[in-house]
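Structure, as structure tokens:
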Amino acid sequence: MTAPTLLEVTDLHTRYGRVEALSGVSLHVPDGHIVSVIGANGAGKTTLMNSIMGLLPSQGGLTYRGENLQNVSLEGRVARGICLVPERRDLFASMTVADNLTLGAYSRRRSNWKADLDDVYRRFPRLLERRTQLAGTLSGGEQQMLAIGRALMARPTLLLLDEPSLGLAPLIVRDILNIVRQLRSDGVTVLLVEQNARASLAISDEAYVLETGAVKMSGPAQDLARNDELTASYLGG
Ligand code: ATP
């Protein structure tokens, strides 16, 4: 049985002034899957995430559970369960881990945020240990866990993860990607942007390769991982 579509992006265009950063991107995100978007620096990956979230205006089709998102505000997208973990993580460095997490609940006005907080601490025991520590003093991997944990406080149905492995040591990357895999088991759909093609293909169901604002290749992640052209360009031969 094929999974129903959660997000459909059709011929999406996004510009920065006269520069077209996305020139007709189409992709399909089935409910309950991990879909990865791979591409070099400047390919348009962050632009794609920000366009889906509604942080950047775009032209073209964006539908979520069949509803046209182009008429839905950023807040409306959050209320529908779409949540972005940005590349810069955007934590409140001078606030504690616990306060950063609690703030995550406000975006969807969650009333039972204490249960959500317990759930995040169960998922990330390291955050529980460090709950009174200032976010700015955490390691890179812990900060990424906190950024994902804060997003989970909003109980997302679609999590947009922008380069979660950026700047992290290989062992920590493995931990973070295992967490992403666990999220899928718990029913969260993930759109994952990565430069780390090999690692992201290993946990993804489908993948898209973005090059200068357009989809160059797409297909089941396992097939792309065996594709010679892709292997030579993005997977280090
Ligand atoms: P990276 O991995 O380096 O973050 P990316 O694939 O996420 O790259 P984007 O950040 O989406 O790429 O950038 C896509 C293109 O749009 C690039 O050519 C970039 O220079 C351009 N761009 C991005 N942000 C802006 C901006 N605020 N103003 C003008 N051009 C921009």
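Each reported figure results from applying straightforward, stated rules to the coordinates on display, with no laboratory input. Note that the structure is a prediction, hence the values are computed from the model and not measured. Every residue, glycine among them, receives a Cβ derived from its backbone with ideal geometry; neighbour counts consider all protein chains shown.
At R0 = 30 Å, how high is the FRET efficiency between ARG181 and THR137 if r is their beta carbon distance? Nearest 0.05 is fine. Calculated value: 0.60.
What nm distance separates the two modelled labels at SER73 and ASP223, each placed 7 Å from Cα along Cα→Cβ? With each label point 7 Å from Cα toward Cβ, the separation is 4.2 nm. When the Cα positions of VAL193, SER165, ALA147 are compared along the charge dipole of segment 120-218, ALA147 comes out farthest toward the positive end, with charges on each C-beta of Lys, Arg, Asp and Glu. Placing unit charges on the Cβ atoms only, positive for Lys and Arg and negative for Asp and Glu, gives segment 92-155 a dipole magnitude near 220 debye about its Cα centre.
The spacing between segment 16-86 and segment 173-227, judged by their C-alpha centroids, is 16 Å.
Between amide H atoms placed 1.01 Å from N, distances below 5 Å from MET217 occur with VAL209, all of them 5 or more places distant or on a separate chain. Placing +1 on the Cβ of every Lys and Arg and -1 on the Cβ of every Asp and Glu, with no other charges, gives the chain a dipole of roughly 660 debye about its Cα centre.
For the chain, the Kirkwood hydrodynamic radius from C-alpha pairs, put into Stokes-Einstein at 4 °C and a viscosity of 1.567 mPa s, yields a diffusion coefficient of 72 µm² per second. Pick from VAL180, VAL25, VAL35: which residue has the top mean-square fluctuation in a GNM of the chain where Cα pairs under 10 Å get a spring? Judging by the Gaussian network model, the answer is VAL25. Of the residues VAL9, GLN133, GLY54, the one whose Cα sits farthest toward the positive end of the charge dipole of the chain, with +1 on the Cβ of Lys and Arg and -1 on the Cβ of Asp and Glu, is GLN133. Each helix, a run of at least 4 DSSP H residues, gives -39500 (n - 2.57); summed and divided by the residues of the chain, these come to -10500 deg cm²/dmol at 222 nm. When peptides 132-141, 83-92 are ranked by their average number of other Cβ atoms within 10 Å per residue, the highest-first order is 83-92, 132-141. Once both axes come from the Cα atoms, what is the angle between helix 113-123 and the longest principal axis of the chain, in degrees from 0 to 90, rounded to 10? Helix 113-123 sits roughly 70 degrees off the main axis of the chain.
Among PRO30, PRO170, PRO156, the largest mean-square fluctuation in a Gaussian network model of the chain (Cα springs under 10 Å) belongs to PRO170. Highest GNM mean-square fluctuation among ILE82, ILE34, ILE172, for the chain modelled with Cα contacts below 10 Å: ILE172.
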